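One structure, pasted below without further comment.
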Amino acid sequence: MAGKFQGKVAIITGSSRGIGKAIAIELAKNGASIVLNGRNEQRLQETEQIIRSIHPHVVSICCDVSDIKASEALIETAIQQFGRLDILVNNVGVSMRGTVAELNPDVFKKVFESNVYGSVNPTIPAIPYLRKTKGSIVFISSLAGIRGLPGLSAYCSSKMALRAIAESIRLEEKSNGVHVGLIQVGITEIEHNKETIAADGSMKTLKSRDKSNVQTTEQVAIATVKNIRSRKFITTLTGIGKVNKFMQARFPMLVERIILKNLHKFEEKSE
Ligand SMILES: NC(=O)c1ccc[n+]([C@@H]2O[C@H](COP(=O)([O-])OP(=O)(O)OC[C@H]3O[C@@H](n4cnc5c(N)ncnc54)[C@H](OP(=O)(O)O)[C@@H]3O)[C@@H](O)[C@H]2O)c1
């Protein structure tokens, strides 16, 4: 198996479907040995078969990364299997819907457990191994991490937290040669049965999205692999994402006025 990441080992959290699965496929195509992760054993096994047809070195570790001990075991099992770690992609994340006034406070807890603790828990035990290989930690963030958006307070703030964590690790690990990347992903195609957290705290299945208006998971995966290869910090995806970032940095009050005029566009229907 030839490729830029030949001989390297990558863990991708939440890789049994969606964006994480696409990143695992792209890294495998580039020669990396793959550690898949997710909570559903059957979905993991199906994805493992796909990866195995690209690269023979793949294992699945079924665990919940919002659990500290399970995340430590994830890293240690990967090391036992492959002897090294070069890339950790913190992809696990869940979205939510609802204004702050109507939210069950448990929504914030669930979103932060998944998106923030679910990224920090695997990162801490991975750092000693990534120092040895001068490897990469990548956080999968969102355009929703650029500014607070209506109906998405917990999601936006969790993704903003990832940016601060990424900035801290970059400074702390610079002298150890560890690369830290952050991918600000725009609206992307979703796999059947993707769930979001409703205002009352229950899980709701999202309606499928019109594919002509969204990025493919493969586009996100290619950009993520490019970020790792070039050891870049922030990769912002989609034209609208780049415009958003520019406008928010320079004209935040104008952005607020534009959003207020388009509030209806921030509602996403569940089934
Ligand atoms: N899709 C978009 O439009 C979009 C846009 C911007 C950013 N993003 C970000 O991209 C990332 C992936 O999104 P996606 O749309 O691909 O999500 P998805 O289709 O819901 O897939 C999430 C993956 O993570 C696993 N997972 C969820 N919680 C987990 C946990 N606590 N521990 C271990 N595995 C867990 C899921 O498998 P199990 O359920 O079996 O555990 C699944 O493999 C997220 O961070 C999201 O915020 C997505």
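Have a look at Lys134, Lys159, Lys174 and point out the one that is within 11 Å of the ligand (Cβ to nearest atom), among the basic types (Lys, Arg) and at pLDDT 95 or above.
The conditions single out Lys159.
On to the next question. For the range 245-271, give me each residue that is modelled with pLDDT of 95 or more and of a type in the set (S, T, N, Q).
Selection gives Gln248 alone.
Check the range 119-133 and report whether any residue there is crowded, with 17+ Cβ neighbours inside 10 Å, touching a Gly at 6+ places or on another chain (Cβ under 9 Å) and farther than 24 Å from Leu74 by Cα.
No, that holds for no residue.
Looking at (1) among the hydrophobic types (A, V, I, L, M, F, W, C); (2) assigned to a helix (DSSP H, G or I); (3) more than 18 Å from Asn121 (Cβ to Cβ), which is the one condition that is false for Ile183?
Just one mismatch for Ile183, condition (2).
Quick one: is Phe112 within 20 Å of the chain's Cα centre (by Cα) and either near the ligand (Cβ under 9 Å from one of its atoms) or under 20 Å from Lys194 (Cβ atoms) (or both)?
Yes; evaluated as a whole, the condition is true for this residue.
If we scan the range 150-166, do we find a residue that is surrounded by fewer than 14 Cβ atoms within 10 Å (Cβ to Cβ), part of a helix (DSSP H, G or I) and without any contact (Cβ under 8 Å) to a residue 24 or more places away in the chain?
Yes.
So that you can scan it fast, the table gives a plain yes or no per residue for (1) on the phi < 0 side of the Ramachandran plot; (2) within 12 Å of the ligand (Cβ to nearest atom); (3) among the hydroxyl-bearing types (Ser, Thr, Tyr); (4) crowded, with 24+ Cβ neighbours inside 10 Å:
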position: Ile11; (1), (2), (3), (4): yes, yes, no, yes
position: Ala32; (1), (2), (3), (4): yes, no, no, yes
position: Asn37; (1), (2), (3), (4): yes, yes, no, yes
position: Arg43; (1), (2), (3), (4): yes, yes, no, no
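Got a sec? Which of Lys21, Lys69 is near the ligand (Cβ under 8 Å from one of its atoms), modelled with pLDDT of 95 or more, assigned to a helix (DSSP H, G or I) and open to solvent by 10 Å² or more (accessible area, probe 1.4 Å)? Don't jump to the end; show me each part of the working.
On the way: Lys69 fails: near the ligand (Cβ under 8 Å from one of its atoms).
Step by step, each of Lys21, Lys69 is checked, and only Lys21 is near the ligand (Cβ under 8 Å from one of its atoms), modelled with pLDDT of 95 or more, assigned to a helix (DSSP H, G or I) and open to solvent by 10 Å² or more (accessible area, probe 1.4 Å).
Are any residues in the range 229-238 open to solvent by 50 Å² or more (accessible area, probe 1.4 Å) and either within 15 Å of the ligand (Cβ to nearest atom) or not in a helix (DSSP H, G or I) (or both), and if so, which ones?
Answer for the range 229-238, where residues must be open to solvent by 50 Å² or more (accessible area, probe 1.4 Å) and either within 15 Å of the ligand (Cβ to nearest atom) or not in a helix (DSSP H, G or I) (or both): Arg231, Lys232.
Still on this structure, please answer the following. In contact with a Ser or Thr (Cβ under 9 Å, 6 or more places away or on another chain), farther than 18 Å from Val94 by Cβ and not acidic (Asp, Glu): which single residue out of Ala32, Ala24, Ala73 fits that description?
Answer to the selection: Ala24.
Going by what's in this entry, would Ser15 be described as part of a loop (DSSP other than H, G, I, E, B), open to solvent by less than 40 Å² (accessible area, probe 1.4 Å) and among the small types (Gly, Ala, Ser)?
When the stated conditions are applied, Ser15 passes them.
On to the next question. What is the number of the single condition among (1) open to solvent by 10 Å² or more (accessible area, probe 1.4 Å); (2) in a strand (DSSP E or B) that Leu88 does not meet?
(1)
Looking at Val116, Val59, Val111, which is the one that is surrounded by 15 or more Cβ atoms within 10 Å (Cβ to Cβ), β-branched (Val, Ile, Thr), touching a helix residue (DSSP H, G or I) at 6+ places or on another chain (Cβ under 6 Å) and not in a helix (DSSP H, G or I)?
Being surrounded by 15 or more Cβ atoms within 10 Å (Cβ to Cβ), β-branched (Val, Ile, Thr), touching a helix residue (DSSP H, G or I) at 6+ places or on another chain (Cβ under 6 Å) and not in a helix (DSSP H, G or I) holds for just one of Val116, Val59, Val111, which is Val59.
Of the residues Lys226, Lys207, only one is of a type outside the set (Ser, Thr, Tyr), farther than 28 Å from Gly98 by Cα, more than 9 Å from the ligand (Cβ to nearest atom) and surrounded by fewer than 15 Cβ atoms within 10 Å (Cβ to Cβ); which?
So the residue among Lys226, Lys207 that is of a type outside the set (Ser, Thr, Tyr), farther than 28 Å from Gly98 by Cα, more than 9 Å from the ligand (Cβ to nearest atom) and surrounded by fewer than 15 Cβ atoms within 10 Å (Cβ to Cβ) is Lys226.
List pairs: first residue in the range 196-215 and in a loop (DSSP other than H, G, I, E, B), second residue within 12 Å of the ligand (Cβ to nearest atom) and of a type in the set (Asp, Glu) anywhere in the structure, Cβ distance under 6 angstrom, at least six positions apart or on different chains.
Val214/Glu189
Filter the range 45-56 down to residues that are crowded, with 16+ Cβ neighbours inside 10 Å and more than 19 Å from Thr133 (Cβ to Cβ) and give me whichever is nearest to the ligand (Cβ to nearest atom). Steps first, answer last, please.
In the first step, residues of the range 45-56 are kept if they are crowded, with 16+ Cβ neighbours inside 10 Å; the result is 47-48, 51, 54-55.
Next, only the ones that are more than 19 Å from Thr133 (Cβ to Cβ) stay: 47-48, 51, 54.
On the way: Thr47: 8, Glu48: 12, Ile51: 13, Ile54: 18 Å.
Only one residue tops the list, namely Thr47.
The values are calculated or read from the model by the stated rules, or taken from the named source; none is laboratory data. The shown structure was predicted, so the numbers you read here are calculated from the model rather than taken from an experiment. A quick note on method: Cβ atoms are made from the backbone with ideal geometry, for glycine too, and the neighbour counts reach across all protein chains shown. When the accessible area is computed, the model is the full protein with side chains, heavy atoms only, and any ligands, DNA or RNA have been set aside. Shrake-Rupley method; radii C 1.70, N 1.55, O 1.52, S 1.80 Å.
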